[in-house]
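Visitor: Starting off with a structure, shown below.
Values in this text are rule-based calculations from the coordinates and carry no lab data. These numbers come from a predicted model, not from an experiment. No Cβ is skipped: glycine too gets one built from the backbone with ideal geometry, and neighbour counts run over all protein chains shown.
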Amino acid sequence: FQELVSKSNIQDKELILRVLSMYQDPAQREQEIKNISSVYKTLADEILPQLRRSRLTLNYEIIGKSDEEITKLASSNPSELNIEELLYAATLTNDPAKQEAIYTQATKQFPNDYRAYNNLGNCLSSW
């Protein structure tokens, strides 16, 4: 607050800074600043909103494989893919034989996941 006031162009800036240094009690400080009614409105409009804002910086790393990597692994080393990636790999190709191979592999790797069986059945029924 003190830093923002000192950098501002408020007319009674020195008086406000003096009040801040004279009184240690925050309630007393606020009351004394409110007593300077002409300045308090300016403080409420210009300085206080800046103190109510928060700035967040988020650093994140996307963990995942590209479509090309998933397609390559689905045909060369499908055991490195999880069920979501295997099911997605089948959607990346239009070749029914490749889709069948991917869904078959998914049923072997993840026998408790019904989606692979369902998709394999759908793939076989559309031939």
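Visitor: What list do you get for 12, 95 if you sort them by fewest beta carbons within 10 Å? Walk me through the intermediate numbers first.
Guide: Values: 12 17, 95 10.
The most exposed by this proxy come first: 95, 12.
Visitor: GluC sites (Glu not before Pro), restricted to region 57-107: which are DSSP loop and have at most 16 other Cβ atoms within 10 Å? If you can, show how the numbers build up before the last one.
Guide: Numbers: sites: 61, 68, 69, 80, 84, 85, 100; in loops: 61.
Listed in order of number, the matching sites are 61.
Visitor: Explain nothing, just the number: relative contact order of the chain, from Cα pairs under 8 Å at least 6 residues apart, as a whole percent. Please list the in-between numbers first.
Guide: On the way: 76 pairs, mean separation 17.7, N = 127.
RCO, the chain: 14 percent.
Visitor: Sticking with this one: Residue by residue through region 59-68, which ³J(HN,Hα) values in whole Hz follow from phi under the Karplus form 6.51 cos²θ - 1.76 cosθ + 1.60 (θ = phi - 60°), with glycine and proline marked x?
Guide: Working through the residues one at a time gives 10, 9, 10, 7, 9, x, 10, 6, 4, 5 Hz.
Visitor: Please turn the phi angles of region 102-110 into ³J(HN,Hα) values with the Karplus equation 6.51 cos²θ - 1.76 cosθ + 1.60 (θ = phi - 60°), one per residue in order, whole Hz, x for glycine and proline.
Guide: Per residue, the Karplus-derived 3J(HN,Hα) values read 5, 5, 4, 4, 5, 5, 6, 6, 10 Hz.
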